[in-house]
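Input: a single structure, listed below in structure tokens.
The values are calculated or read from the model by the stated rules, or taken from the named source; none is laboratory data. Worth saying up front: this structure is predicted, and the values here are computed from it rather than measured. Cβ placement follows ideal geometry from the backbone for every residue including glycine, while neighbour counts extend to all protein chains displayed.
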Amino acid sequence: MRIVYPFEPVPSRIFGRLYRPIAAIHFWSLRLREWQEVFAVVDTGADYTLLPRFYADDLGIDIKKKCRRMKAKGIGGTADVFLYSKMKVSFLGKLLTVPVGFSAQNDIPPLLGRHKFLERFKITLDRRRISFESS
């Protein structure tokens, strides 16, 4: 199975406009008992998938009871992250269980990371398109 997404144009104060590889992934909401679609930046430099804080509430994850608090380091410095190790996701016809970090902040974009997620697919960046293939 294969799916292709066009890059999304986003404004940039420095460059005027940038194009980001975005993909739709479905997360299982324990609160709503249904799949929730999230559009996220495909970040091959991210070790694991990271979502803004409000998604924990939307997906029914109690960060105080079900997550491990840790510090994450990145280009923006150090931030608190709440790691949930068993998030159910659906992507490209596959049901996966992946670790997902919830940022303590809401002002970050959702990021799809490598560990147990991106590493399971063949990913091709071709000009301003990204394609995913599963075997």
* If you go through the range 68-89 one residue at a time, do you hit one that is under 15 Å from residue 132 (Cα atoms), surrounded by 13 or more Cβ atoms within 10 Å (Cβ to Cβ) and at pLDDT 95 or above? -> no
* Asked: When the range 116-135 is examined, which residues are found to be more than 10 Å from residue 21 (Cα to Cα) and of a type in the set (A, V, I, L, M)?
  -> 118, 123
* To do: Taking residue 64 as meeting all but one of (1) in contact with a strand residue (DSSP E or B) (Cβ under 6 Å, 6 or more places away or on another chain); (2) without any contact (Cβ under 8 Å) to a residue 40 or more places away in the chain; (3) outside any loop (DSSP other than H, G, I, E, B), write down the number of the exception.
  => (1)
* Scanning for something over 30 Å from residue 128 (Cα atoms) and surrounded by 11 or more Cβ atoms within 10 Å (Cβ to Cβ), does the range 8-25 turn up at least one residue? -> no
* Which one is surrounded by the most Cβ atoms within 10 Å (Cβ to Cβ) among residues in the range 45-61 that are over 13 Å from the mean Cα position of the chain (by Cα) and in contact (Cβ under 8 Å) with a residue 40 or more places away in the chain? -> 61
